[in-house]
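Each reported figure results from applying straightforward, stated rules to the coordinates on display, with no laboratory input. All of these numbers come straight from a predicted model, not from anything done at the bench. We place every Cβ from the backbone using ideal geometry, glycine too, and count neighbours over all the protein chains shown.
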Amino acid sequence: MDFEEIVCYSQTVILIVLAIGYLVNLRNKTDVSSKVEIKCPSCGYIIKDQNVQYCAKCGNMLSHSEGLSLEK
């Protein structure tokens, strides 16, 4: 087996692995409209990310630990 043949086969295998990875990533993408939007209870600002803990506009704490009520 010649060196150029080995390079050609390895490049083909790499392209196949990259194509499979691309297809898996394309299938796992979430739709933009399926994101959760919540409103800040204090100022009404619409927050588009569910992993934030504080409002970007007023600084109000949005998430509390479960089982602990910190109502004002």
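Quick look at the numbers
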{"read-out": "Length added when fully stretched, LEU62-LEU23, from 0.36 nm per residue minus Cα-Cα", "value": "10.4 nm"}
{"read-out": "Cβ-defined net charge surrounding ILE46, 9 Å radius [Lys, Arg +1; Asp, Glu -1]", "value": "+1"}
{"read-out": "Ranked ILE47, ILE6, criterion: other C-beta atoms within 10 Å, fewest first", "value": "ILE6, ILE47"}
{"read-out": "For LEU26, LEU62, order by how many other beta-carbon atoms lie within 10 Å, fewest first", "value": "LEU26, LEU62"}
{"read-out": "Long-range HN-HN contacts of ILE47 with modeled amide H, under 5 Å", "value": "ILE38, LYS39, CYS40"}
{"read-out": "Extended-chain gain in nm, criterion 0.36 nm per residue less alpha-carbon gap, PHE3 and CYS43", "value": "7.7 nm"}
